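Data block below; observations after.
The values are calculated or read from the model by the stated rules, or taken from the named source; none is laboratory data. Every value quoted in this text rests on a predicted model; they were computed, and no experiment measured them. With ideal geometry, Cβ positions are generated from the backbone for all residues, glycine too; neighbour counts draw on all protein chains shown. In case anyone asks, the SASA skips ligands and DNA or RNA and just uses the protein heavy atoms, side chains included. Shrake-Rupley method; radii C 1.70, N 1.55, O 1.52, S 1.80 Å.
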Amino acid sequence: MTRILIIEDEPDMRRGLQDNLEFEDYEIVTTGNGSEGLRLAQKEPFDLILLDLMLPGLDGMEVCRKLKEEGSTVPIIMLTARGSESDKVEGLLTGADDYITKPFGLKELLARIKVILRRVQPHPSSLREIEFSDVKISFDKYEAKKGETLLDMSPREFEILRLFIDREGETVTREEFLKEVWGYTSFPQTRTVDNHIAKLRQKIEDDPDQPKHIITVHRMGYKFLR
Ligand code: CA
């Protein structure tokens with residue numbers, strides 16, 4: 001069973017999250033204190049941590065920083081009440097895997113949780129390795145090579161490729177990418193997808209201006225050809 005640790009000091013929020021996530025069949029442990037949360041995360045195995053930013057004891061940034069320093073690989077979603085861009089960037093720099101700004105909808109949070117868990121948990125049915133041209137991708141090891149060169153690819157880029165490959169030859173829309181890879185339930189920023197695709201092309205295509213694998217489908221999205 002997937003275990004989620006919720007570190008959130010606001011009682012209604014904490015209970016609401018717990019009830020809703022238990023309803024989705026997750027096993028939930030909660031605490032309202034940052035230091036206690038850190039202790040739990042160090043002591044017990046979790047598949048995911050939902051971490052509030054402003055907390056008594058240690059704040060969310062500190063908890064996240066300490067866990068990552070100790071080499072923890074448990075994914076962390078920051079729950080932040082402040083919406084400013086600098087907090088988001090800082091949150092991601094301390095190693096959080098994603099953030100969600102309060103107030104958020106439950107549907108959105110669940111989608112984000114699923115995306116992150118899919119990234120870290122094994123995919124029983126889907127393929128683990130693929131080769132095309134001189135590119136070799138291993139989804140098990142999150143490793144990608146072009147020729148002998150190891151590519152510096154982000155987890156999101158792997159997920160974009162995975163979605164491409166699952167839907168090989170079909171057009172995948174920007175909205176579908178945002179839903180499946182980012183866990184978004186509304187789509188204000190389709191340009192985000194274009195930026196990531198451009199970076200991915202730089203890495204895997206021989207000539208990014210004349211792509212052979214990631215093809216633009218005018219007005220629709222993109223498709224992948226092997
Ligand atoms: Ca708080």
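Key figures
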| quantity | calculated |
| --- | --- |
| Helix-only CD estimate at 222 nm, as mean residue ellipticity for the chain, using -39500 (n - 2.57) per DSSP H run (n ≥ 4) | -11500 deg cm²/dmol |
| Cβ charges +1 (Lys, Arg) and -1 (Asp, Glu), total dipole of the chain, debye | 480 |
| Heavy-atom accessible surface of the chain: percent carbon and sulfur, 1.4 Å | 48 |
| Dipole of the chain, positive direction: furthest Cα of LEU17, ALA81, VAL172, with charges on the beta-carbon | VAL172 |
| Cross-link partners of LYS102 among aspartates and glutamates (Cα-Cα below 14 Å; sequence separation of 8 or more within a chain) | GLU8, ASP9, GLU10, ASP12, ASP52, GLU85, ASP87 |
| 25 Å Cα-Cα reach of LYS145 towards lysines, excluding residues that sit fewer than 8 places from it in its own chain | LYS136, LYS199, LYS203, LYS212, LYS223 |
| Rg and Dmax [Cα atoms of the chain; Å; Rg one decimal, Dmax integer] | 18.8, 55 |
| Gain in span if fully extended, ASP166 to GLU70, counting 0.36 nm per residue against the direct Cα distance | 31.1 nm |
| Two-decimal log10 I(q)/I(0) for the range 96-159, as the Debye equation yields it once each C-alpha is a single scatterer, q = 0.15, 0.26, 0.27 Å⁻¹ | -0.59, -1.13, -1.18 |
